[in-house]
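All of the numbers you see were taken from the coordinates with simple rules; none came from a lab. Owing to the predicted nature of the structure, the values given are computational and were not obtained by experimental measurement. Cβ coordinates were reconstructed from backbone atoms using ideal geometry, including for glycine residues, and neighbour counts include every protein chain displayed.
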Amino acid sequence: MPALDPKQLAFSSVDGKTWKRMLYGQEAQAAWFVDAGEGFTTYAGTLTARFNPCRTQADLQRPLAVSWMKARHLAPSIATIQVKRDGQYWYEYEVPTLAEVHEWVSETIFWHEEPKTILEVDLLMEDKWWKCADGHHLVELHLFPSTDTPGDWHITYLAPHNGIDARSLMKLMEYVLTWTLEELKSPSTGDPLLDWGSETPKCRYKIVQMPKVHPFLLPDLSVPFLPSIVGNTSASANDHNNAHVRLTLTKDETTRYREVCRANGVTATDLWLALLALSEIEYTLQSSADAPEEAAQTNIAAYEQASHFLFGFYFINHRHKLPGNYKTLQDGALLFGCEGTNLLFDMNTMRKAIVYDRANSKVVRDTSRAIIWDGVVQMSHTVAKGTPADFTAVLQREIDRQAVLDAGKHDDSVYHMRVPMLSSIGDYTAMDILNPFVPGTGELSSELSVLEQCHSIRVTHPLLVPICWQYAGRLDMLWSTGRRWQSQENLELYKKIFKEWLDIAVGSV
């Protein structure tokens, strides 16, 4: 590709009907992730909706369809398609006729009959994916009746992660739910009066502030902590692609967690990163006891010899830094407004907290404040805060990334490693997302409550993908990985270790 021309990053049209934009840098690389990695990074976000009174599919079908049409007019990017021509990925958007709008609705809303829990929905959704090159509409909606409470609905949006994030789509779902509720209370006749064609300015151009740094861009002579990769012998062809485990803190635990972070001058994410690193290292050592001898020795050697603990991806929200109305989630704003880089923690600091007794094959924890808070957590804060995020650095990373793609050097196999790839979404209340539907406090919650959420990506590598969010006063964490490399029992062990470290950190202050 020649030198970057900003015009290439904007949607343009020669006939006023078909609008196109080339994908560039990280978003193009992420399209390669999906296509070359059997759907790797396909993203599913789910909310559980409780209507009062209860609503059936027959009750909801038309109101939701009308709301989905309005959502397209507000944020037309959800109806773009991604295609690949001459080695480059492109977004395309067609100004629709009314008949084409109805066809789009029928192709992107799916009603499922069998009741599921929210975690069952999450696993099912991560079995579904499509290639970015195939010309599929960007976002699908899936609705499942809830197993837990008859009448509740799990509503999932599904898309390649290069086109959406967990803030923008949940904000869009706030609009969709509001419009659906309005339709239920005052049913309209006919189709919503929308001026199709006037929505095209909201097909947002690419903001070159969204990179994703290759996890192997490491300092010279560094040795990352890379545990062995062992297949999950209990997995079968009938299992779901992902394995996952979830931890939900109580409101009191969440309040305490944040109070402790504030008291120590760190963010909730800083502490989370520290706990993830501690848990991953200890889990690796503990699980080695049941691993094959060669794998066990590899894990112990990784612990003893590594210079750094590696976070392969660390996603950061940059929407608030963007110009004009891009910084908000209103009025069809940019659907993907985050970026990411890798983080490196000093392993000498980590080894002070987690001491491995080789002679007795035993893990010993040092839980003193000097080691945990003044050492590991403070390091986490310093590293995260020091992550380069200025425009110049990010733009250069985008240019470098595109150069790799143009040279034909994308290699999905380099992600076949056991390192964390994580996202801290944030506090939905603080971001003013879904607040009208928070149970008990939202202004519309007597008619419609959003009870909970779930977020994950499709993982086709041994990568561990922790995602963290807060909703309705409760902190939630979900870890996903490829089931081919991780048993459910081992994930439960990981969760147990993480919760123990969390209780130590929060309880020690």
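Quick rundown of the values:
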read-out: Distance (nanometres) between label positions extended 7 Å along Cα→Cβ at Asn52 and Asp148; value: 1.7 nm
read-out: Listed residue pairs exceeding 21 Å between alpha carbons, taken from Lys251/Lys499; Lys20/Lys202; Lys116/Lys495; Lys84/Lys131; Lys251/Lys385; Lys171/Lys202; value: Lys116/Lys495; Lys251/Lys385
read-out: Anisotropy class of segment 234-300 from Cα gyration tensor, a/c 1.5 cut; value: oblate
read-out: Over the chain: helical MRE at 222 nm, DSSP H runs n ≥ 4 each giving -39500 (n - 2.57), nearest 500; value: -10500 deg cm²/dmol
read-out: Given charges at beta-carbon only (K, R positive; D, E negative), |dipole| of segment 58-124 in Debye; value: 260 debye
read-out: Cα-based reach from Lys185 at 12 Å (exclusive), listing aspartates and glutamates while leaving out same-chain residues under 8 positions away; value: Asp59, Glu447
read-out: Set of aspartates and glutamates with alpha-carbon distance to Lys17 below 12 Å, sequence-local pairs under 8 removed; value: Glu92, Glu94, Glu199
read-out: Cα-centre dipole for the chain with unit charges at Cβ (Lys and Arg positive, Asp and Glu negative), debye to 20; value: 940 debye
read-out: Efficiency of FRET from Cβ geometry, Ser12 and Lys128, R₀ 30 Å, rounded to 0.05; value: 0.40
read-out: Only Lys, Arg (+1) and Asp, Glu (-1) charged, at Cβ; segment 1-129 dipole about Cα centre in debye; value: 520 debye
read-out: Top positive-direction residue, dipole computed over the chain with Cβ charges, set Ser480, Ile300, Trp153; value: Ile300
read-out: FRET E, pair Lys352, Asp239, Förster distance 30 Å, beta-carbon r, rounded to 0.05; value: 0.15
read-out: Antiparallel content of DSSP bridges confined to the chain, in %, to 5; value: 80 percent
read-out: Listed residues Pro53, Gly16, Ala30: farthest to the positive end of the dipole of segment 1-119 (Cβ charges); value: Pro53
